[in-house]
1. Among A:Gln588, A:Gln28, A:Leu397, which residue has its Cα positioned farthest towards the positive end of the charge dipole of the protein assembly as shown, with +1 placed on the Cβ of Lys and Arg, -1 on the Cβ of Asp and Glu, and the dipole taken about the Cα centre?
2. Treating region A:124-188 as a set of equal point scatterers at the Cα positions, no solvent, please give the Debye-formula log₁₀ I(q)/I(0) at q = 0.14 Å⁻¹.
3. Return A:Arg485, A:Arg550, B:Arg100 ranked ascending by Cβ neighbour count within 10 Å, so the fewest neighbours appear first.
4. Relative to the longest principal axis of the C-alpha atoms of chain A, give the angle of the C-alpha long axis of helix A:298-307, reported between 0 and 90° and rounded to the nearest 10°.
5. Given N residues in chain A, what is Rg(Cα) / (2.2 N^0.38 Å)?
6. Looking at A:His525, A:Ile488, A:Ala224, which one has the Cα that reaches farthest to the positive end of the dipole of the protein assembly as shown (charges on Cβ: Lys, Arg +1; Asp, Glu -1)?
7. How big is region A:125-268 on each of its three principal axes, counting only the C-alpha atoms and giving the largest first in Å?
8. Could you state the angle between the C-alpha long axis of helix A:507-523 and the longest principal axis of the C-alpha atoms of chain A, as a value from 0 to 90 degrees rounded to the nearest 10?
Amino acid sequence: MINEDGSFTGLAVEALRDLAARAHLDLQMVPISNDAFRAGPGEGGYDMLPQAGISDERRNRFEFTRPIETEWVSMFVLRGRAAGRAGLDDFRGRAIGVASANIGQRIAEAEDGIDTVVYEDQPALLQGLLRRDVDAVLVTESSFWRAIDTQGVAERIERLRPPVHETERAVALRRGLGVVRERLNAVLPAYLASADYRAHRDRWLGDEISIWADRRVRLVILTAVGALIAFAGLFVYSAFRRRHQIVRERRRYAAEIAEHIPIGLLIISPEGQIDFANREIREKTPDGKETLVEGHSYRSAIKSLIDRGLVDTQGRDPGDMLKVMTEDGLADGYSEEFRLADGSGVFLRTTKRLKSGSALIVRQDITDYRRQVQQIEALNDDLEEQIRHAEVANQELRAFAYATSHDLKAPTNTLMMSLEALAENLESKLEADDAELIDVAKRTVDSMRTLIDDILTYTNTIGSTPECEPVDLNKVASDVIEALRADIEVNAAEIKLAPLPRLKASPTQMHQLVQNLISNAVKFHRPDQAPAIDIEATEAPPGYVAFKVRDNGIGIAPEQQSKVFELFARLNRRGDYAGTGLGLAICQRIVLNHGGRIDLQSTPGDGSCFTVLLEEETNDPPSHAS
Amino acid sequence: MIPHLMLLDDNEDDQMFYRRIIKKSGLVEAFHPFIMAKDALAFMRRDDRPEIDAILLDINMPGMDGFQFLDAATEEFGDSFAKIAVIMLTTSILEKDKRRASQYAIVKDYVNKPLEQEHLEKIDRMLPDERPKQ
């Protein structure tokens, strides 16, 4: 296209100009004739055509760059005269118009049976069509549209689809310009995508192309959105599938656990049907495999068990039992133990109402637990029975001791009084030998009384929970020394009393304890030495008090030291030292009653030391059985 | 000097020895021994009975025991049916008897059997000094 000022323009010209600038090529535009155009670039002619359709025939004569445009060669008819015809074949025997040197001419002429009318150029071709000289034209679309637009006859023209031919266009170069071709090729892709090229297209191809471009954009957007939706869909689908798979797997685990867990599980629907019964409950219910079947009535299953006497009704009427198990027993939180009638099973049955309204019955087999509890209870009963026996024996012993006290003590008292009265009456008449006999009798009765008293004291300390009250051991010791004054004076004993602790204890038993220890210390003195006795507090662990009674007496041989606390243990001849052999056994008993201990350190011929440890406050009563 | 001493003990043999000791001690003006508690109560009901200075009381007796006698006498004659009551214990061990006896205001002391002259002397010392002592 040649402007008024003689310069050249057109889409192909402008594109080539831009491409040359980008490839740093300096081009000179010259006008050529149609013949020269048909001949193409070549030696002795011109170098380049801005654009030419690519074909094998042309490739033999000159070269092309990469394709720039796609060109459609299509049929055009007057609007409304297509009459169902679409392709070139449908126009056999009819007149087809073509433009000279246009690719349409070559295609039409190559077809047999087509009456081809060749026009000088495209505006002439359009005029031919409008005049109805030809039935249709076959021509490159873009240049023909331009002619149509120029003449403003778009309303009257109709393009047929599909295109008859599709060809690509590119810059045509004469042979020997390979370097130029490659430089153009290098900048082509970027240029085709550029805004410059798009602007040229808009300008030269007008609305048609612009709409096409919008469509393309829309298509691209729609494709992108579609792809996005498809991708998101795929993602959602795969996430859903994975979730579904996890849920399915969890369900499978849950089902497996429910089936195999060693706890009976039974689900009863709101209508009273068995919805689920696991292995444990089926196997541990008599005929459970036949009765506890999904879909069966729960009530019938239980009724059959009760009617056949397989369930221990715990003394209830079978009807009541059925009511309890199938009505009350389906309430949320209901829990009860029940047994099989043959005693083979004890179960704890607990009901949990599910959201669906179904009742979940959880049944634990507590047969072993119950058996163990029974064993423990039986052992406990045995033990309690034994304790009771021991207590009865203790009570009997104490009752026996009390009887001894009164029934033996009273006659010895009477006997003693008789002997004294007799001695008095016969005082002046008795021979010395006879008086000696009466003295022996009196001494014997006296030791009988002492023995009886000691036995009594001992039996009183057995199994008696001491009634504890604050006790000051200083006062106890003073009282004891006062009570033993006669003995102490006779033996010229010297007693040193250092401050003693206070505690909560039985006053009587404390008195007995201290008295026995002091009287022993006085009694077991060496023949040639007056007793010297020290009584003092000693160190004790927290919660305890301790004191010791030390003498300078005959002492106790190491091998005999463990014996002194035994009942009736006497280490000396009766004639040398009086006593019943109960004194230290009583001490031991009292100390045990007060949660304490009594220890002995002694060297024969040097003296003994008894250390007493007592609980500051006796909390636990001593065992009844001891 | 103990003007009127009453004694309650079910053992007749022991009574004989008590009488002996009492006579020998010369501390008692009039001695009123009883074997059965109901006889002692009957004596106390008599209008012409003397004021009793001291009672020696055994605990273990058939029929009515020593404590039951104390209850009956207190209920019938009030807290001061005698100036002193002294409990005679067969053994010195039975704490519960002592504890029970101490709940009676009239019980002033305990003695362990057998009764001896020194026990009588102690009772004599405990009596209010109304008469010149021998």
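Every number here is computed from the coordinates shown, using simple stated rules; none is lab data. Source: prediction; values computed, not measured. Ideal geometry is used to build each Cβ from the backbone, glycine not excepted, and the neighbour counts take in all protein chains shown.
1. Of the candidates, A:Gln28 comes out farthest on the positive side.
2. One equal scatterer on each Cα of region A:124-188 leads to -0.61.
3. A:Arg485, B:Arg100, A:Arg550
4. Between the helix axis and the principal axis of chain A, the angle is about 30 degrees.
5. Expressed relative to 2.2 N^0.38 Å, the Cα Rg reads 2.61.
6. A:Ala224
7. Its Cα atoms span 97, 47, 25 Å along the three principal axes.
8. 60 degrees
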